[in-house]
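So that we are looking at the same thing, I have put the structure below in structure tokens.
Coordinate-derived values only; no laboratory data. Bear in mind the structure is a predicted one, so any value in this text is a computation, not a measurement. With ideal geometry, Cβ positions are generated from the backbone for all residues, glycine too; neighbour counts draw on all protein chains shown.
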Amino acid sequence: MKKESLLYFDQHYNQFLQELIQFLAIPSISTDPAHQQDVQSAAVHIADKLSAIGVENVRIFPTRRHPIVYGEYLKAGPSQPTLLIYGHYDVQPDDPIDLWSTPPFTPTIRDEILYARGASDMKGQIYACVAAIESIIKTDHLPVNVKFIFEGEEEIGSPNLNQFLIEYADLLKSDCALNTDAGMVNKDTPAISYGLRGLAYFEVRVFGPDRDLHSGSYGGIVHNPAQVLSELISQLHDQDGRVTLDGFYDDVLPLTAEERENMSLYGLSEDEYCSQVGVPALWGEKEYSPIERLGARPTLEVNGFLSGFTGQGSKTIIPSKAMAKISTRLVPNQDPLLIYGKLVDFMKKNAPKTVRWEVEQLSTGAPSISDTNLPETRALMKAYEEVWGVKPALKREGGSVPVVADMQKHLGIDSVLTGFGLPDDRIHSPNEKLDLPTWRKGIQALIHFFYNAKRE
């Protein structure tokens, strides 16, 4: 009956696309309190869709901030595996709004590309799973059991997900998780990500005078907090691109020769990376290739810097304070809490006595490694070969998907991490997009996957 399910999808593709467009029009920006009701509306939207296709026990669980949507379809019976399908329906902020070619929450299609905030990350990926499940349910018996968990806080670090996994571990009991919050190598090469970097995110604040000062009256005797913080940031890397926090690399697991060889098959050239992101040259640890730096080496980045007068014209002041957002991407065996201690030690050692400072840890996520020999991983690899005609890449992902490690810890299950976003989809940036031909093939591959995952 796989053929009938694929035919159903082809016949209803435009319906699925229109439903995705409606979903994308909801500005479910989780970090902005002004959009709290929009996040709630997005949860109701996806819950209603699950109910409409026949998913049972659909529930919206409130949390201290944004709700979690749950549903299940367990008609394959106890002899078949249960897959926990994860996704997040919240999205990043849309600023800077003036850099969008079309309004971020007015989804627009140009040349078979859908532009909207959340199109790739990850409402499009959620709807790929839902469309595949509907295509099977409407034409056949779903050959495996599925449960759904869609959260609304991933873009703010999933602060309430851990407790939910602990509290509802019995409800969520499964054999494996399917998580489509990753992406392709390129249009012609699907991928399964088995390694993820973790995250430790900080806000560093430096305080000087108790108010902004006239720079003519006090310049030369008061240490400028913006200058202090800039100098501290400049010391966080050496000339070879390595992070200088004491002991930062102590727990990093070395890459095996096999991993380095496998990663080299799918990495772009330096020129290709430069062209993709619009820079004249790459930067980073010289002894590692770009693909190794992206997926298997830890990093430290300045995500934002704020101090003083930034309006039009001039204002001659010494600002009273300066702030920087700093994140570290961590690889397996590194502990986000230990990294916090290393950053605090750095500030104690290097910050001058002329200022006060503080470091706040805003969010963390553990790195993870998943088993590439899972039956479900093999089932998805086969599905990709059936649709794309090539073996998928097995890669280590540069981004963080903390729920993978959380599910390993609290539910005892590994994840099959994949997705149909492309490297140039501009996630977290203006003009985020989704390549519709790739999305369409991805849904077809998921239909194959659910059939392939059936146990004989």
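Sort His45, His35 so the one with the fewest other Cβ atoms within 10 Å of its own Cβ comes first.
Least crowded to most crowded, the residues run His45, His35.
Any chance you could check the Cα centroid distance between segment 1-43 and segment 439-456 for me, in angstrom?
Answer, in whole Å: 19.
Using a Debye calculation, one point per C-alpha and no hydration shell, please list log10 I(q)/I(0) for segment 340-434 at q = 0.17, 0.19 Å⁻¹ in order.
Treating every Cα as an identical point scatterer, log10 I(q)/I(0) equals -0.95, -1.06.
Can you tell me the length gained on complete extension of the stretch Ser51 to Thr31, counting 0.36 nm per residue apart and subtracting the Cα distance?
Difference between extended and current length: 4.4 nm.
While we're on this one: Compute the label zone of Ile166 within segment 384-424: residues whose backbone N is under 14 Å from the point 7 Å along Cα-to-Cβ.
406-407, 409-411
Here's something else I'd like to know. Calculate the FRET efficiency for Asp240 and Tyr266 from the Cβ-Cβ distance with a Förster distance of 25 Å, rounded to the nearest 0.05.
0.50
Express in nm, to one decimal, how much length is gained between Asn186 and Val222 on full extension, taking 0.36 nm for each residue of separation and deducting their alpha carbon distance. List each step's numbers first, then the result.
On the way: separation 36, 0.36 × 36 = 12.96 nm, distance 5.27 nm.
Length difference between fully extended and current span is 7.7 nm.
To the nearest 20 debye, what is the magnitude of the charge dipole of segment 251-406 about its Cα centre, counting +1 on the Cβ of each Lys and Arg and -1 on the Cβ of each Asp and Glu?
940 debye
Past the 31 Å Cα-Cα mark, which pairs from Lys342/Lys395; Lys49/Lys454; Lys286/Lys382?
On the way: Lys342/Lys395 29 Å; Lys49/Lys454 25 Å; Lys286/Lys382 36 Å.
In this structure, Lys286/Lys382 exceed 31 Å between Cα atoms.
Can I ask one more? Could you work out how far the C-alpha centroid of segment 360-388 sits from that of segment 142-178, in angstrom?
About 15 Å separates the Cα centre of segment 360-388 from the one of segment 142-178.
Return the Rg/Rh ratio of the chain with Cα-based radii and a Kirkwood Rh.
Computed over Cα atoms, the ratio is 1.00.
Another question about this same structure. For Met122, Met1, what's the fewest-to-most ordering of other Cβ within 10 Å of each Cβ?
Values: Met122 30, Met1 11.
Least crowded to most crowded, the residues run Met1, Met122.
What is the sum of charges, Lys and Arg at +1 and Asp and Glu at -1, for the other residues whose Cβ falls under 14 Å from the Cβ of Ile53?
Summing Lys and Arg as +1 and Asp and Glu as -1 gives -3.
Another one. How long is the gain from Glu258 to Asn373 if the chain were fully straight, where each residue apart is worth 0.36 nm and the alpha carbon distance is subtracted?
So the chain would gain 39.8 nm between Glu258 and Asn373.
By average Cβ neighbour count within 10 Å, what is the ranking of 417-429, 248-260 from highest down?
417-429, 248-260
Quickly work out the Ser101-to-Lys391 label distance, labels modelled 7 Å from Cα along the C-beta direction, and quote it in nm with one decimal.
Distance between label points: 3.7 nm.
Here is a further query. What percent do you get for the relative contact order of the chain when only Cα pairs under 8 Å and 6+ apart count? The partial results should precede the final answer.
Working: 933 pairs, mean separation 116.0, N = 456.
Relative contact order, the chain: 25 percent.
Just how large is the dipole of segment 86-186 about the Cα centre, in debye to the nearest 20, putting +1 at every Lys and Arg Cβ and -1 at every Asp and Glu Cβ?
340 debye
Whole angstrom only: what separates the Cα centroid of segment 311-332 from the Cα centroid of segment 394-431?
First find each Cα centre; the distance between them is then 29 Å.
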